[in-house]
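The structure under discussion appears below in the form of structure tokens.
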Amino acid sequence: MTSLEDRHLEDGDSTPLEAGGPNAIAVANGVLADEWSLWIVRQALRGATHYTDWLNLGPIPGSALTTRLAALVDGGVLSKHQYSDRPVRYEYLLTPRGRQVWPILISMWAWEKGWVDDPEVNLPRMRHTTCGEFFDPILTCESCHAAIRWRDVEGKVGPSGDWSRNLQITARRQRSRNDKRPSEVVNETMELIGNRWSIAILGAAFLGITRFSEFQKRLSASPTIIADRLRAFADMGVLAQVPTPERADWMDYRLTPKGLAFLPVVLLMIQWGQRWFKAPDGPALVMHHVECGASLHVILTCSACHEPLSGASIEAVESGTGVVTGPLP
Ligand SMILES: [Zn+2]
Ligand SMILES: [Zn+2]
């Protein structure tokens, strides 16, 4: 991918993708689905702009910070500005697409709060400053304002939606047990989005695929890879193995309530990707809200007052200390 800066795009413009190359879902996943990248964006939303800000905010190694900042600039999430000649110093500012990552982060937070019990992670509570209440984000259709349920979403593979083009290109090193990680990012979330095959399998499951052979055929992946991911998702309780009606020794893989609850994260990532990265032949996925018939555009609303949430109306209250951060810019 050519960097955004090379192309002199205006702030609100999307990045054109190469014909036949990775599609918007793959590129968005490549840009965001990394634990340090998500952490860097989270801190940027709370006001971090300088290299040293991030170094001071968490246990990020300098080398990881350097590579992630470069990748986020390349993906158009941050823009890099020189603010001093002597010494040469840069600051990193969120672009419009960077400021639009907050719904993904808030929906990840809600899923982790509801479904993951990780003793190492102490999640804050989120307050909606408009109504003053603690809230859960509700995935809502922008057209008809109904809460979105999985069965109300109709998804069709679009012109650039060929499975081979859904796979992110960035090959990431497998994280070892001893690697430092941001304390705010939950392992299970990264299991679901941090592996190049994970999001593709999750997407296929949301589109109704249940059979091993179907996953393998649709994703053109090796049986070993498919088996490994299905096993990991079953271990996490995101997919459940159930005997098929035809043969008791064949298994269907069905999304559990925990898996279905991850839908907002997947939909918001796809929506963000398709808003900001455009394949010349069209979108990867075309979705409709069955209830109202509109093409699907999702927003988050407040569970307490039902008003749409904005990044600027959310503050985080640390559990234990009660320290308040935010609202997000
Ligand atoms: Zn609707
Ligand atoms: Zn509210």
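What follows draws every value from the coordinates through simple rules; no lab data is involved. If you're wondering where the values come from, they're calculated on a predicted model, not measured in any experiment. FYI the Cβ positions are ideal-geometry reconstructions off the backbone, even for glycines, and counts take in every protein chain you see.
For Ser143, the amide hydrogen comes within under 5 Å of the amide hydrogens of His297, counting only partners 5 or more places away or on other chains and with H modelled in the peptide plane.
In this simple spin-label approximation, Val242 and Cys144 carry label points 7 Å from Cα along the Cα→Cβ vector, and these lie 2.5 nm apart.
Pairs Lys80/Lys113; Lys156/Lys258; Lys80/Lys278; Lys156/Lys217; Lys217/Lys258: which are spaced more than 28 Å apart, C-alpha to C-alpha? Lys80/Lys113, as the Cα separations exceed 28 Å there.
With θ taken as phi - 60° and the Karplus curve 6.51 cos²θ - 1.76 cosθ + 1.60 applied, the whole-hertz 3J(HN,Hα) list for segment 53-69 is 4, 5, 4, 7, 8, x, x, 6, x, x, 5, 5, 5, 4, 5, 5, 4 Hz, x standing for glycine and proline.
Let's test the formula: R0 of 22 Å, r as the Cβ-Cβ distance of His81 and Thr325. What FRET efficiency results, to the nearest 0.05? The value I calculate is 0.35. Seen from all directions on average, segment 266-329 presents a Cα convex hull projection of 6.7 nm². Of interest is the spacing of the C-alpha centroids, which for segment 48-126 and segment 275-305 amounts to 25 Å. A run of the chain free of exposed loop cleavage sites, with trypsin sites (Lys or Arg not before Pro) counted only in DSSP states other than H, G, I, E and B and at most 11 other beta carbons within 10 Å, reaches its longest extent at 1-172. Between Ala304 and Asp162, the FRET efficiency estimated from the beta carbon spacing at R0 = 41 angstrom works out to 0.45. Dividing the Cα radius of gyration of the chain by its Kirkwood radius returns 0.96 for Rg/Rh.
For segment 48-129, applying the loop criterion from DSSP together with a ceiling of 12 other beta carbons within 10 Å to the GluC sites (Glu not before Pro) yields Glu120. The order of Met269, Met190, going from fewest to most other C-beta atoms within 10 Å of their C-beta, is Met190, Met269. With a cut-off of 16 Å, note down the residues of segment 290-304 whose backbone N falls inside the zone around a label point 7 Å from the Cα of Ser14 toward its beta carbon. Inside the label zone: 295-298. Can you pull a Stokes-Einstein diffusion coefficient for segment 209-281 at 37 °C (0.692 mPa s), Rh from Kirkwood over Cα pairs, as a whole number of µm²/s? Answer from the Stokes-Einstein relation: 235 µm²/s.
At the listed q of 0.19 Å⁻¹, the Debye profile of segment 214-329, built from one uniform point per Cα, gives log10 I(q)/I(0) equal to -1.22.
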